[in-house]
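The values are calculated or read from the model by the stated rules, or taken from the named source; none is laboratory data. This one's a predicted model, so the numbers in the text were calculated from it and none came from an experiment. Neighbour counts are summed over all protein chains in view; Cβ atoms, including those assigned to glycine, are modelled from backbone coordinates with ideal geometry. Please note that ligands, DNA and RNA were not included when accessible areas were found on the heavy atoms of the full protein model with its side chains. Shrake-Rupley method; radii C 1.70, N 1.55, O 1.52, S 1.80 Å.
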Amino acid sequence: MGDNLLFGDYDYCLNLGGFSNISYREGEKRIAFDISPVNYVINRFCRGIGMEMDRDGEIAAGGKVCQEVLDRLNALDYYSKPCPKSLGREWVESRVFPLLDTAGLPLEDLLRTYYEHCAEQLAKVVTPGKSILATGGGAYNKFLIQRMTEKTGCEIIVPEPAIVEYKEALIFAFLGVLYMLDQPSCLSSVTGAAHDNIGGMLFKV
């Protein structure tokens, strides 16, 4: 709902955090779902060499794509499921980490392959030539944004840091405003519920 009312000038709103998720209008409905794990996977492998992240994608940029591993990632069951859908750490730890841990790839090739996977999964859900607002920590990953731009054929806009880092907090505050106005903030087209509803509770001290 926040994307719809506050950032509706963009064709897609993409968040690149532990997971990538997207929202967009489809007819009269707002569609939103998780696309794939992103930083939750990348950071885990970077921590193995004492780094918190792959800054600007520099490690991945020096690697090569392993097509066999990429094909196995793209074949994971979640990606063929219809919306509404969402991801969690349990799925990553049971399906993605074992696949990558046993791939036998150097770190730079493993990350390069995983970046390609993230970009290809995004490309499956967007239309070339459209605009994508990218926020979340992954929006600062220059190589990831480059691969996503090349794979999707879209214009990916990384806004000012305040929006990149605080868009989610801004939207949660906005949901509080909707609550006070007695307006729906949770869309059935996103959740799969029978109807839109007003989420949250008000506590007075």
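A few points about this structure:
- Among residues of region 119-144 that are closer than 25 Å to Ile59 by Cα and in contact (Cβ under 8 Å) with a residue 60 or more places away in the chain, those with a beta-carbon under 7 Å from a residue that is hydroxyl-bearing (Ser, Thr, Tyr) and part of a helix (DSSP H, G or I) at least six positions away or on a different chain give the pairs Gln121/Tyr79; Leu122/Thr152; Phe143/Tyr115; Leu144/Tyr115.
- Among the candidates Leu73, Leu87, the residue that is closer than 26 Å to Gly153 by Cβ, part of a loop (DSSP other than H, G, I, E, B) and either among the β-branched types (Val, Ile, Thr) or modelled with pLDDT of 95 or more (or both) is uniquely Leu87.
- Only one of Glu108, Glu116 that is buried (at least 18 other Cβ atoms within 10 Å of the Cβ), of a type in the set (Asp, Glu), assigned to a helix (DSSP H, G or I) and touching a residue at least 24 places away in the same chain (Cβ under 8 Å): Glu116
- Per-region count, region 1-45, residues among the polar types (S, T, N, Q), more than 18 Å from Lys130 (Cβ to Cβ) and within 8 Å of the chain's Cα centre (by Cα): 1
- Test: residue in region 187-196 that is open to solvent by less than 70 Å² (accessible area, probe 1.4 Å), out of contact with any helix residue (DSSP H, G or I) (no Cβ under 7 Å at 6 or more places or on another chain) and modelled with pLDDT of 95 or more: no
- Test for Asp34: is it open to solvent by less than 70 Å² (accessible area, probe 1.4 Å), modelled with pLDDT of 95 or more, out of contact with any Cys (no Cβ under 7 Å at 6 or more places or on another chain) and not hydrophobic (A, V, I, L, M, F, W, C): yes
- Residue match in region 128-140 (condition: modelled with pLDDT of 95 or more, in a helix (DSSP H, G or I), of a type in the set (Ser, Thr, Tyr) and crowded, with 16+ Cβ neighbours inside 10 Å): yes
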